[in-house]
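The values are calculated or read from the model by the stated rules, or taken from the named source; none is laboratory data. Quantities reported herein were computed from a predicted structural model and do not represent experimental measurements. Ideal geometry is used to build each Cβ from the backbone, glycine not excepted, and the neighbour counts take in all protein chains shown.
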Amino acid sequence: MAQETAEEVYDFSEGVRLFLGETPSNGEESCKIDSIPTDGRSGPRRKIRTQLKQRLELEALRAEMTRLQGRLCQIRACPTMSFWGSRAKDEQVELLQVMHANEALRAAVATRAAFIHEMEALLQHKQRTNFVSKEWEAFVLPDAPDGRARAMHQILDREFHRTHHIFLRAGLLGTSESVHRATLTPQASSGDILFEVVERFVLMAPFRAVSAAAWRVIAGDIGTPPDDQFDQVFEPIDDNTVYIHATCRRHRTHAHVLAKYYPTPTRDVIVARSVLVDPVHPVETGDVVEDTASWTEIEPLRNDSCLMTLVWRINLGHLGPRDAREMEKASELLASASSARRSAVQGSISPHAMAQHLASNRVVTIGNLHIYLARSKLIEEPFKRAINDVIERHQEARRGGVVSS
């Protein structure tokens, strides 16, 4: 390296050339530094993922930073520099520091933007089940007549599409064994107590005849016997939809229940769901509104028989300490009542309602369960009687056909 004296002074143009990285006019090196080799090889172009692209950009920025640091080292290594060259060097150092900070900030912003984009895509594909965007989703009917009919069908159609899920939760899929079960189950999410009846049985009659008879009872086409405790009104919406209103005279309880019949070539389904708020049928403060839902499915089997599956739920709400202590006793009582509901005649259904098995001194007094059971008896007993009548007529027709042949 050429030796230079401290007295040697560059003129202004020489300092500018040095600042720009040009070789000094004397043709000799002003300093020696180790250069950082860079790999100039480039592979074939292809699509790369966002994370990989960001990583490659960061590596490129680091390589650029290393090159610029080497440039700084080169500038600082010069032993002789004019006043203006020193000022220019300081400004270049500040500029490089700002550029480095700016590039780091851009990389951080790009990373955050990619994360936000991925989260938005995830949220768009995930259904937010807890978000209620419309009143009908909370089982509330509007005032307007056209809006009421639309909301009614939306409520019932949603329950119809939930049938498979309800049966799966009840352990009814993948088996055709008879089931008779009644349980009281606390709900971990809300703390409410859910009363659930699950039944499945084979009926010796065609499925369409059974479902049509069941629907005639639910729609009010088959008259129910008068009752001294409840007033019940059937409001037809269309041929396959009905709105049932029931009021208890002895207790301040009300039931506003929608029901719809879904006949299909492979199965028939009848769903029912309570309306919790209806401005056309207001209730007084402190009155109890029944919160219930049911799913009934009738599937065809061989030899003119069918499989009926029924799930009925009532939300009893939060229970007091006294009711909580009675839960175990009530569960045992419901288990015995479930066994008693098995029909003595194969291929038919027990003619008695759940309330009949829990009558007199064995009545369940958990919350308002005894009131709900008493109201359900108004439809449950005619429902079962109509189905047994269909089975009996079908069996008589088969016997008549055999005799005549």
- [ ] Kindly indicate whether any position in the range 117-131 is at pLDDT below 80, over 30 Å from E299 (Cβ atoms) and surrounded by 13 or more Cβ atoms within 10 Å (Cβ to Cβ).
- [x] no
- [ ] Tell me which of these R273 doesn't satisfy, since it passes every other one: (1) more than 23 Å from S350 (Cα to Cα); (2) in a loop (DSSP other than H, G, I, E, B).
- [x] (2)
Task: Single residue of Q51, Q92 found to be surrounded by fewer than 14 Cβ atoms within 10 Å (Cβ to Cβ), at pLDDT below 85, assigned to a helix (DSSP H, G or I) and outside the structural domain of T292 (by TED's automatic domain parsing) - done: Q51
Open item on the list: Just the residues that are in contact (Cβ under 8 Å) with a residue 24 or more places away in the chain, within 18 Å of D291 (Cβ to Cβ) and among the charged types (D, E, K, R), please, taken from the range 143-194.
Closed with: E159, R162, D192
TODO: Determine which member of the set L184, L276, L258 is touching an Asp or Glu at 6+ places or on another chain (Cβ under 7 Å) and not hydroxyl-bearing (S, T, Y).
DONE: L276
Open item on the list: Just to verify a result, which residue in the range 245-261, among those that are in a strand (DSSP E or B) and without any contact (Cβ under 8 Å) to a residue 60 or more places away in the chain, is surrounded by the fewest Cβ atoms within 10 Å (Cβ to Cβ)?
Closed with: H245
Open item on the list: Looking for something within 25 Å of the chain's Cα centre (by Cα) and at pLDDT below 85 - is there at least one such residue anywhere in the range 96-115?
Closed with: yes
Open item on the list: I'd like to check something: does the range 276-293 contain any residue that is in the same structural domain as A219 (by TED's automatic domain parsing), modelled with pLDDT of 90 or more, touching a Pro at 6+ places or on another chain (Cβ under 9 Å) and crowded, with 17+ Cβ neighbours inside 10 Å?
Closed with: no
Task: Only one of F234, F201 that is in contact with a Gly (Cβ under 8 Å, 6 or more places away or on another chain) and either of a type in the set (A, V, I, L, M, F, W, C) or modelled with pLDDT of 90 or more (or both) - done: F234
